[in-house]
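Accompanying notes for the structure given below.
Bear in mind these aren't lab numbers, they're just calculated from the coordinates by the rules spelled out. These numbers come from a predicted model, not from an experiment. All Cβ positions, even for glycine, are placed from backbone atoms using ideal geometry, and neighbour counts span all protein chains on display.
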Amino acid sequence: MKHIVCAQEFDRKFLDQFLLDAAAMKEYWNNPIWRLNIQEWLPGQNVCSFFYEESTRTRISFETAAQNMGMRLVSTTNAGAFSSAKKGETLSDTIQTLMGYAPRVIVLRHNEEGSARTAAELVDACGKEVSIINAGDGQGQHPTQALLDLFTIQSELGRVEGITVAVGGDLLHGRTTHSLVYLLAKYPNIRFIFISPNELKMKEGIVEHLTQSGIPHRETEDKGVIADADVVYWTRTQRERMDEELFARVNGRYSITASDVAGMKRGAVILHPLPRLDEISRELDRDPRAKYFVQAENGLYVRMALMARLCGVSVR
Ligand code: NCD
């Protein structure tokens, strides 16, 4: 695999190996002796992280991951304002310019859906050995988030096959939910329950994909159905991707509280890509099923394992 653009592109063979890599990476990095060795893995390889949209976890975990393996990093945040995009430069011209500085990996977050694909195609057309990683393209996808979500589910539940996943919140605009559904749909006997206001229902193409693949799924406005789930994956209303009138109408309708999770399965997990606003109440943080901060930490191991693999280092 050269680029990481969308979750459909991962196959089961890759995922099975990758989950083992990520687990090994977590173990190595938390061992003080092995950790020293990891810092020698990718010396002198350049990573360029280019973020047009705001980010905390994705950017910091990618950049930490790169530096943990001895990579060299150049980084732009708020690229819409701090790069030449502000002067009107196109994404293609920016990527073509960056290629001249010989990065091994470009981690790209952009506000437009399809931007990572455009960048990857340009790199290939120029015949360059550069990997593009999609770190979120507008309301499109966020495939590395899906990998860390998958890793967290596998680590916490010990399985992915046969689980019921309740995905809640802004499913129309929430790119993490899009990538996660495509990814989990590759596992047998998965069921999905989509919980959202009617205005923010799961993207049509994704529902169609599930229907065509014969994967059980249903859509509801009733958050009570989380009682049936092994994974409750909750998300934020993407205010920046809708008008204020719609935001005012839907905001706050999908908060989950201790009383909502009282009926949940004992062995279930509650995940959230973060940042959260008030859609998961703070009191839930003490619930042993709440794993969103573990999930965020796993992003580091998953992104280390991913960049090692893209750069040809075998983790195990
Ligand atoms: C998400 C994103 O940027 O899509 N955050 C993340 O990367 N963990 C979710 C969000 O912004 O709601």
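Normalised by the number of residues in the range 208-316, what is the relative contact order in percent for Cα pairs under 8 Å and 6+ residues apart?
Reported as a whole number, the value is 26 percent.
Only Cα pairs under 8 Å and at least 6 apart count here; give the relative contact order of the chain as a rounded whole percent.
That works out to 20 percent.
For every other residue with a beta carbon closer than 11 angstrom to the beta carbon of Ile280, add +1 if it is Lys or Arg and -1 if Asp or Glu, then tell me the sum.
Neighbourhood net charge equals -3.
Could the peptides 112-118, 40-46, 192-198 be put in order, highest first, of the mean number of other beta-carbon atoms found within 10 Å of their residues?
192-198, 112-118, 40-46
Tilt of helix 57-68 relative to the longest C-alpha principal axis of the chain, in degrees (0 to 90, nearest 10)?
That works out to roughly 40 degrees.
Can you tell me the 0 to 90 degree angle between the C-alpha axis of helix 143-157 and the longest principal axis of the chain, rounded to 10?
50
Give the Cα extents of the range 178-316 along the principal axes, in whole Å, largest first.
49, 39, 34
Suppose we look only past 15 Å in the calculated P(r) of the range 219-262. What percent of the Cα-Cα pairs does that tail hold?
51
Sorted from fewest to most neighbouring beta carbons within 10 Å, what does the list Val47, Val250, Val74 look like?
Val74, Val250, Val47
Taking the number of other C-beta atoms within 10 Å as the exposure measure, put Val302, Val315 in order starting with the fewest.
Val315, Val302
Starting from the range 219-277, pick out the GluC sites (Glu not before Pro) whose DSSP state is loop and whose Cβ has at most 15 other Cβ atoms within 10 Å.
Glu221
Pairs Lys186/Lys265; Lys186/Lys223; Lys26/Lys291; Lys26/Lys128; Lys26/Lys223; Lys86/Lys201: which are spaced more than 28 Å apart, C-alpha to C-alpha?
Over 28 Å apart, Cα to Cα: Lys26/Lys128; Lys26/Lys223; Lys86/Lys201.
Over the Cα atoms, compute the radius of gyration (one decimal) and Dmax (the largest Cα-Cα distance, rounded to a whole number) for the chain, in Å.
That works out to 19.3, 56 Å for Rg and Dmax.
Can you tell me what share of the DSSP beta bridges in the chain is antiparallel? A percent to the nearest 5 is fine.
0
Given +1 on the Cβ of Lys and Arg, -1 on the Cβ of Asp and Glu, and no further charges, what dipole in debye does the range 119-208 carry about its Cα centre, rounded to the nearest 20?
Using Cβ point charges on Lys, Arg, Asp and Glu, the range 119-208 gives about 220 debye.
Kindly provide the helix-only [θ] at 222 nm of the chain, computed as the sum of -39,500 (n - 2.57) over DSSP H runs of four or more divided by all residues, to the nearest 500 deg cm²/dmol?
-12000 deg cm²/dmol
Could you give the C-alpha radius of gyration of the range 275-316 expressed as a fraction of 2.2 N^0.38 Å, taking N as the number of residues it contains?
For the range 275-316, the normalised Cα radius of gyration comes out at 1.66.
Pulled fully out, how much extra length does the chain show between Thr56 and Ser314, if you take 0.36 nm times their separation in residues and subtract their Cα-Cα distance?
Going from the current span to full extension adds 90.1 nm.
Between 0 and 90 degrees, rounded to the nearest ten: what's the tilt of helix 175-184 against the longest Cα principal axis of the chain?
For 175-184 against the chain, the angle is about 80 degrees.
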